[in-house]
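Shown next, in structure tokens, is the structure this report addresses.
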Amino acid sequence: MQRAALALLLTGLMLLPGCLGGIRDGLVEALPEQRGIPGGLTLACLSSSQFTDMVIEIDHAPGYAPEATTVELLTDRLNDVCDKPGGIRAEITETEFTHSGAWSPDAVRSQALEHREAPPMDGSTLRWHVLFPSGEYSEDGVLGVAVNAADVAVFRDSIEDAENILRRPSAENIENSVTLHEVGHLLGLVNLVYTSPRDHEDEDHPGHSSNEDSVMYWAVESSSLGAVFSGQLPDDFDDDDRADLSELASGDLEAEQQLWRP
Ligand SMILES: [Zn+2]
């Protein structure tokens, strides 16, 4: 408990994404309700010692419901890597966000806080929160962001724009991969809250995989992905990503900046 409180005090706010600019690791002024960095609840997902089940809360603007394939992919992949014997389920809610214009990281944070049904650590339930708002991110070319330890946003207007005329990949495929990519950041990938013994972080795009077959490859969340991928987008973690997660789960790899520990 003390450890968790200390972690909260020590934790700054890291804004993740920006494949274009790499990670901004500047600390943003902390409001009391802003909790943790992406990866701060990695162990909470990988362990079942307190959180035996998990909810993916999806709040979408009217007309911005995610594809069923996106929800299924998230649930399947999290089931693969996390330890949730009570199951992982999605709760999808149409939401009127009280924000207009471009989405800054703080706008994502405050709307995530305002609309969530329950806190991330809710008794024995771990809750991660995915927003699908209308509008675009404040930085050009970014399709999704991870803010805090439990909050991500995916920008479907930008995804539609990123679809090329051949629809290869299609907007649906892009949404699938971008959403899983952002949730992968909540799992701490790559090297956000640990240092992998495997050399798979892209040195030009910190926090991302250097393997274009991993969903954690940097270009997955970039509107320039059409220039990088001509067909199928990766929609899964690769062997190195999975090895990192399994060593974090076993304790062989030290996890830092955790809001909760088993
Ligand atoms: Zn990313």
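Take the conditions part of a helix (DSSP H, G or I), within 13 Å of the ligand (Cβ to nearest atom) and charged (D, E, K, R) and apply them to Glu182. Does it pass?
yes
Checking Leu189 against (1) assigned to a loop (DSSP other than H, G, I, E, B); (2) touching a Ser or Thr at 6+ places or on another chain (Cβ under 7 Å); (3) buried (at least 22 other Cβ atoms within 10 Å of the Cβ): exactly one of these is not met. Which one?
Every condition holds for Leu189 apart from (2).
Identify the single condition in (1) closer than 22 Å to Ser47 by Cβ; (2) crowded, with 22+ Cβ neighbours inside 10 Å; (3) of a type outside the set (Phe, Trp, Tyr); (4) away from the ligand (no atom under 13 Å from the Cβ) that Gly251 does not satisfy, given that it satisfies every other one.
Among (1) closer than 22 Å to Ser47 by Cβ; (2) crowded, with 22+ Cβ neighbours inside 10 Å; (3) of a type outside the set (Phe, Trp, Tyr); (4) away from the ligand (no atom under 13 Å from the Cβ), Gly251 violates only (2).
Look at Val215 and say whether it is surrounded by 19 or more Cβ atoms within 10 Å (Cβ to Cβ) and either modelled with pLDDT under 95 or touching a helix residue (DSSP H, G or I) at 6+ places or on another chain (Cβ under 6 Å) (or both).
Numbers: surrounded by 19 or more Cβ atoms within 10 Å (Cβ to Cβ): yes; either modelled with pLDDT under 95 or touching a helix residue (DSSP H, G or I) at 6+ places or on another chain (Cβ under 6 Å) (or both): yes.
The answer is yes for Val215.
If only one of Gly86, Gly101 is closer than 15 Å to Ser134 by Cα and surrounded by fewer than 20 Cβ atoms within 10 Å (Cβ to Cβ), which one is it?
Gly101
Of all residues being within 11 Å of the ligand (Cβ to nearest atom), in a loop (DSSP other than H, G, I, E, B) and touching a residue at least 24 places away in the same chain (Cβ under 8 Å) in the range 192-213, which is farthest from Gly141 (Cα to Cα)? Just the residue, please.
Quick first cut of the range 192-213, residues within 11 Å of the ligand (Cβ to nearest atom) only: 192, 202, 205-209.
So of that shortlist, the ones also in a loop (DSSP other than H, G, I, E, B) come out as 192, 202, 205-208.
Filter once more, so that each one left must be touching a residue at least 24 places away in the same chain (Cβ under 8 Å): 192, 205-208.
On the way: Leu192: 22, His205: 15, Pro206: 17, Gly207: 17, His208: 16 Å.
Restricting to residues being within 11 Å of the ligand (Cβ to nearest atom), in a loop (DSSP other than H, G, I, E, B) and touching a residue at least 24 places away in the same chain (Cβ under 8 Å), the top hit is Leu192.
The values are calculated or read from the model by the stated rules, or taken from the named source; none is laboratory data. These figures come from a predicted structure and were not determined experimentally. Don't worry about glycine lacking a Cβ; one is built from the backbone with ideal geometry, like all the others, and counts go over all protein chains shown.
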